[in-house]
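The values are calculated or read from the model by the stated rules, or taken from the named source; none is laboratory data. Everything numeric here is computed off the predicted structure, so don't read it as measured data. For neighbour counting, all protein chains shown are included, and Cβ atoms are generated from backbone atoms with ideal geometry for every residue, glycine included.
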Amino acid sequence: MTHDKEFKMIKQVIHGQGQQCGAIMTQLAIFRSKAETDNVKLPKCIGKPINIWNLEPVGEVYALLIDYCQCLWPDLNLVPEFSPVLGMSFVASQVARLVPYIQKDGICYGCTYNKHTQADSLASKSTPNEDDP
């Protein structure tokens, strides 16, 4: 979060010098539209659902994911798969898909997944101006 003084100074520079440089105003408009409307973007082609029970360490990924989803969407009343408790079943083979990257606020975060070793073989973060593997 930007400190109030920094925000005011940036705003002053934008309105003072930004009017003279159309590129700054264009870049700001693009960033604002991405940040305000689409915080997270996924690839157009998403693979088939995976069974999260098969991910290492076995069982821990499922437990973390169901806890997170229960906190995020308490109104869904998510319950573990095969639970006798009434609620919406959190089925391990239908709730997750592997994606090569996600884009949040114009920054791309990605990795490649090695199917044989079940480990990430490359992780990356790229901003609009640079690539940092």
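Key figures for this structure:
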{"quantity": "Residues of the stretch 72-103 classified as β-branched (Val, Ile, Thr) and touching a residue at least 40 places away in the same chain (Cβ under 8 Å), total", "calculated": "3"}
{"quantity": "Condition broken by PRO43, with the remaining ones in (1) surrounded by 13 or more Cβ atoms within 10 Å (Cβ to Cβ); (2) modelled with pLDDT of 75 or more satisfied", "calculated": "(1)"}
{"quantity": "The stretch 46-76: number of residues that are of a type in the set (S, T, N, Q) and surrounded by 14 or more Cβ atoms within 10 Å (Cβ to Cβ)", "calculated": "1"}
{"quantity": "Some residue of the stretch 23-38 being touching a helix residue (DSSP H, G or I) at 6+ places or on another chain (Cβ under 9 Å), modelled with pLDDT under 85 and part of a strand (DSSP E or B)", "calculated": "no"}
